[in-house]
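S.K.: Before we start, here is the structure in question, set down as structure tokens.
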Amino acid sequence: MWRQWVLRPTRSASTSSGAGSWIKELGASEERLREAVQEVGTSADEVREFLARL
């Protein structure tokens, strides 16, 4: 079961190094990850749900 993660600014799409781990974890491109974070915020569960709807 997935734990609730919060995408912190240092691990969000705002930094290349942080984005890389989330891109791999969520299976999304950096562009999609940025879009998701802008749309739903930094909750990993909400970002996952947003990406699943795309």
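The values are calculated or read from the model by the stated rules, or taken from the named source; none is laboratory data. On a predicted model such as this, the values are computed, not experimentally measured, just so you know.
S.K.: Got a number for residues in region 28-54 being outside any helix (DSSP H, G or I) and either under 10 Å from the mean Cα position of the chain (by Cα) or of a type in the set (Phe, Trp, Tyr) (or both)? Explain how you work it out, then say what you get.
M.R.: Going residue by residue through region 28-54, those that are outside any helix (DSSP H, G or I) are 28-29, 41-43, 54.
Now restrict to residues that are either under 10 Å from the mean Cα position of the chain (by Cα) or of a type in the set (Phe, Trp, Tyr) (or both): 28-29, 41-43.
Final tally of qualifying residues: 5.
S.K.: Now for a separate question. Could you please find all residues in region 37-54 being among the hydrophobic types (A, V, I, L, M, F, W, C) and at pLDDT below 90?
M.R.: If the condition is that a residue be among the hydrophobic types (A, V, I, L, M, F, W, C) and at pLDDT below 90, then VAL37, ALA44, VAL47, LEU54 are the ones that fit.
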